[in-house]
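Here is the structure we will look at, set down as structure tokens.
The values are calculated or read from the model by the stated rules, or taken from the named source; none is laboratory data. Quantities reported herein were computed from a predicted structural model and do not represent experimental measurements. Here the Cβ positions follow ideal geometry from the backbone for every residue, glycine too, while neighbour counts run over all protein chains shown. Each accessible area value is taken on the protein alone, full model and side chains, heavy atoms only, with ligands, DNA and RNA left out. Shrake-Rupley method; radii C 1.70, N 1.55, O 1.52, S 1.80 Å.
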Amino acid sequence: MTQRSVVLERRLVTDPVIAGLLSLPPTQELLKLSRLRLADEEPFAVDHVWLPADRVRPLLDVDFAETALYKELRERCGITVDGGLEELRADTASAVDVERLDCALGAPMFRIQRIGYHRGIAVEVRCSHILGERYSVTATFGAGVPDL
């Protein structure tokens with residue numbers, strides 16, 4: 001699939017709850033980036049990402065329509081997300097999801113919250129709302145699984 005994004009919001013904010021998840025002071029300035037994610041021009045997700053503004057100022061001028069956040073973080077800021085904690089839960093589409101993702105109210109959704117780390121330091125909080133019909137999760141476990 002061809003992926004593309006539409007930037008819904010990119011601005012500097014303060015958010016004490018998000019700052020706390022990043023182990024930052026409550027008044028720390030954050031870059032908030034919200035994008036509508038498209039696969040073959042069909043909406044499949046909305047991502048909201050918060051990053052410490054003092055570490056990612058070069059991202060303020062990036063056109064995120066055709067590029068990946070992690071690529072730009074690496075190339076412009078020297079930050080590679082090399083670990084994280086992610087929670088995935090099932091949910092249904094809200095009125096906001098219906099508007100942004102062009103889906104039915106109550107459609108199956110995944111809600112994903114991620115805290116991404118660079119060298120053991122939290123650098124990203126991401127909340128994704130993903131259409132269930134366009135997303136699947138595969139996990140492997142145990143030492144006896146061959147490389148796929």
For region 1-65, which fully contained strands (runs of 3 or more DSSP E) count at least 2 residues that are among the acidic types (Asp, Glu)?
-> 42-52
Could you list, in sequence order, the residues of region 72-87 that are open to solvent by less than 70 Å² (accessible area, probe 1.4 Å) and not in a loop (DSSP other than H, G, I, E, B)?
-> Glu72, Leu73, Cys77, Gly83, Gly84
Among residues of region 1-51, those that are exposed (fewer than 12 other Cβ atoms within 10 Å of the Cβ), at pLDDT 95 or above and of a type in the set (Val, Ile, Thr), counted = 2
Tyr117 being in contact (Cβ under 8 Å) with a residue 40 or more places away in the chain and among the hydroxyl-bearing types (Ser, Thr, Tyr) = no
Being over 15 Å from the mean Cα position of the chain (by Cα) and small (Gly, Ala, Ser) is the filter here, so list the residues in region 111-144 that pass it.
-> Gly120, Gly132, Ser136, Ala139, Gly142, Ala143, Gly144
Can you tell me which residues in region 93-136 are open to solvent by 90 Å² or more (accessible area, probe 1.4 Å), aliphatic (A, V, I, L, M) and part of a loop (DSSP other than H, G, I, E, B)?
-> Leu105
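Could you list all residues from region 57-70 that are open to solvent by less than 80 Å² (accessible area, probe 1.4 Å) and not hydroxyl-bearing (Ser, Thr, Tyr)?
Pass one, region 57-70, residues open to solvent by less than 80 Å² (accessible area, probe 1.4 Å): 58-60, 62, 64-65, 67-70.
Those that are open to solvent by less than 80 Å² (accessible area, probe 1.4 Å) and not hydroxyl-bearing (Ser, Thr, Tyr): Pro58, Leu59, Leu60, Val62, Phe64, Ala65, Ala68, Leu69.
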